[in-house]
Amino acid sequence: MLNTYTWPEYSYVQSEDQKNATITRRPVIVIGAGLIGLSAALDLARHGIPVVVLDDNNTVSIGSRAVCYAKRPLEIWDRLGIADKMIEKGISWNVGKVFFKEDLAYEFDLLPEEGHKMPAMINLQQYYCEEFLVDEVLKHNDLIDLRWKHKLISLTQHEEHTSLQVETPDGVFTMECDWMIACDGANSMVRDMVKAAFTGQFFQDRFLIADVVMKADFPTERWFWFDPIFHKNQSALLHKQSDDVWRLDFQMGWDADPKEVTKPENVIPMIKAMLGDDTDFELEWVSIYQFACRRIDNFRYGRILFAGDAAHQVSPFGARGANTGIQDIDNLTWKLKLVMEGKAPESFLDSYNEERAFAADDNLLNSTRSTDFITPKSKGSRIFRDAVLELSKKYEFARPLVNSGRLSVPTPYIHSSLNTPDEDLFESSMKPGTNCIDAPIVAAGAEGWLLNALGDGFTLLVFGDAPNVTAVKLGDISAQVMTVGVQFEDKAGIMTTRYDGAEGAVYLIRPDHHVAARWRIFDQEKIVAALARATGQN
Amino acid sequence: MALNLKRNIARPDDFYQELIDMQRDMNEADVQAMNAKLILILSNHIGDQEILSEAMSLVRPAGHGRT
């Protein structure tokens, strides 16, 4: 059906385990080779951990699903070596327009802040992202064993391992792993197998997605309509993707018959009404969906960890699904590594649930709020919604109240038990629990970026004076010292401003580039205590 | 600053008449839309979330919405 994309078909290969009927205990098995599972595999490999990835299919995401990728996941993918490819293939956009009934209500420009390597947001079809991830995974086949057509059919959890029954075209065989990461999507089988609860709110509404190819002169902007004349009492969205593919999204209401409304003879007139009769387009993909906002009760079930849609499902408004899933992996892998190496207690992994459930709840809240604005649940809320939109045409104050999706930004782990609370005063948003903001640097005469310079382990980012040490150690865990003006320079002064380092500062930064603690002076004892706290050892 | 529930409108009769006159001869839907806009405009003028929350809690029936 697709005119612009041909799905790769990856070949099924019978594994040695199955052929020889041997059971090799694997350190980590990832279930699901989607955006999240593949990212998990790459991040584990980066940490030197061998991993087997099982997927019941043999290709990338079918149809168009995730579209928008935000700065933070791009930063994580940059560490995995694939962000450049995504940005090159993707579409960058800054201008959004909001329409109400027949009028343009207002427009906004995201005006991305200078001094970041990654853009604020790109649009790209999910299948491209997955294809790039697979290409990268194949480069690391010394550590990543990616197996297609391997379907998990049951599992048994033991004290220190999990055993799995896996079905392939050659039949069923048994595998074992120390740790499992379940990235098997919103309908996660693993979640059912461990009998986890997955509760939240279902929305009684249906949305129709149409991806169309058109060479029209539509600007690269995000257009959102509330109650447009071409689709009365509903909402509609137009967003550009790669290859002249445009994502159209029509709210259809709960009564819409999924079979009827997705027929081309019903979809095409609706699109013509939106784009104008004389716009040439080809229909590439049509599907209808309804959604829920819900999350798993615990991201950790013993030695099974849940990530991505398997752990939380949000409405599509705000692009919070894939974006937050990638951040789950960012949070999980370094913790798992420390536990696997015996450097942190197993209970340390509870902090994965603590931090990512907190982020999921924040995403669910934002997502639910957007949904309530886009599809008001009562007459009263519809009246207020329309009043906001009407006022937004004339008055600037009403525009921040308009909610057609709050674009995904990372949730700082402000209450995390891994943080050491501030005791010194800082004029900077880099509070403990916050992801490090990027900044331009100059290292060995070459221009670069702070986030690329930070290491894979703990880092002590020092502004000003520091004792002559290269690292601070707590047992086998060490934090490498990086002093501004020594390892690299802050020529533009942007980093010093963003971290409020002008009068001296010491930041203890976690392997996932989140601030664990910060002080005005370099105090080894305090650093060691903060390291212990950040690795669950107190 | 707390929500002011003391007299604050200099000419109460004039204000009240203007408020009522505004809605005269309008249908129910238009009145509701207009009142919603008025609430939004005045809320923005007040701005302070605590005061807005306090005002909402005064008129919210028991057991409705957030407490």
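Per-structure values
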| item | result |
| --- | --- |
| Residue within the stretch A:289-299 that is modelled with pLDDT of 90 or more, more than 26 Å from residue A:407 (Cα to Cα) and either among the aromatic types (Phe, Trp, Tyr) or surrounded by fewer than 24 Cβ atoms within 10 Å (Cβ to Cβ) (or both) present | no |
| Options A:157, A:125, A:201, A:165; residue that is in contact (Cβ under 8 Å) with a residue 12 or more places away in the chain, in contact with a Phe, Trp or Tyr (Cβ under 9 Å, 6 or more places away or on another chain) and under 30 Å from residue A:407 (Cα atoms) | A:125 |
| Residue, nearest to the other protein chains (Cβ to nearest Cβ), within the stretch B:37-67, restricted to residues that are surrounded by 12 or more Cβ atoms within 10 Å (Cβ to Cβ) and among the charged types (D, E, K, R) | B:37 |
| Number of the exception - residue A:408 against (1) modelled with pLDDT of 95 or more; (2) more than 11 Å from chain B (Cβ to nearest Cβ) | (1) |
| Tally of residues being more than 30 Å from residue A:88 (Cα to Cα), assigned to a helix (DSSP H, G or I) and of a type outside the set (Val, Ile, Thr) across the stretch A:243-299 | 10 |
| Hey, residue A:399 within 13 Å of another protein chain (Cβ to nearest Cβ) and in contact with a Pro (Cβ under 7 Å, 6 or more places away or on another chain) or not | no |
| Flag if residue A:335 is more than 13 Å from chain B (Cβ to nearest Cβ), in a helix (DSSP H, G or I) and under 30 Å from residue A:510 (Cβ atoms) | yes |
| Every residue from the stretch A:131-167 that is closer than 18 Å to residue A:188 by Cβ, surrounded by 20 or more Cβ atoms within 10 Å (Cβ to Cβ) and of a type outside the set (A, V, I, L, M) | A:150, A:162 |
| Verdict on residue A:133 being assigned to a helix (DSSP H, G or I), out of contact with any His (no Cβ under 9 Å at 6 or more places or on another chain) and over 21 Å from residue A:308 (Cα atoms) | no |
| The stretch A:366-386, subset assigned to a loop (DSSP other than H, G, I, E, B) and within 13 Å of chain B (Cβ to nearest Cβ), residue surrounded by the fewest Cβ atoms within 10 Å (Cβ to Cβ) | A:378 |
| Failed item, numbered, when residue A:419 is tested on (1) at the interface with chain B (Cβ under 10 Å from one of its Cβ atoms); (2) in contact with a Pro (Cβ under 6 Å, 6 or more places away or on another chain) | (1) |
| Search result, residues across the stretch A:128-154 that are free of Cβ contacts under 8 Å to residues at least 60 places away in the same chain and out of contact with any strand residue (DSSP E or B) (no Cβ under 9 Å at 6 or more places or on another chain) | A:132, A:135, A:139, A:141, A:142 |
| Residue match in the stretch A:295-311 (condition: closer than 28 Å to residue A:120 by Cβ and out of contact with any strand residue (DSSP E or B) (no Cβ under 8 Å at 6 or more places or on another chain)) | yes |
| Residue within the stretch A:11-25 that is closer than 29 Å to residue A:511 by Cβ and assigned to a loop (DSSP other than H, G, I, E, B) present | yes |
| Residue list for the stretch B:3-31, filter: assigned to a helix (DSSP H, G or I), within 24 Å of residue A:388 (Cα to Cα) and more than 9 Å from chain A (Cβ to nearest Cβ) | B:18, B:19, B:20, B:21, B:22, B:23, B:28, B:30, B:31 |
| Test: residue B:34 is within 13 Å of chain A (Cβ to nearest Cβ), part of a helix (DSSP H, G or I) and touching a residue at least 12 places away in the same chain (Cβ under 8 Å) | yes |
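The values are calculated or read from the model by the stated rules, or taken from the named source; none is laboratory data. Keep in mind it's a predicted model, so treat the numbers as computed, not measured. Methodologically, a virtual Cβ is constructed for each residue, glycine included, from the backbone with ideal geometry; neighbour enumeration extends over all protein chains shown.
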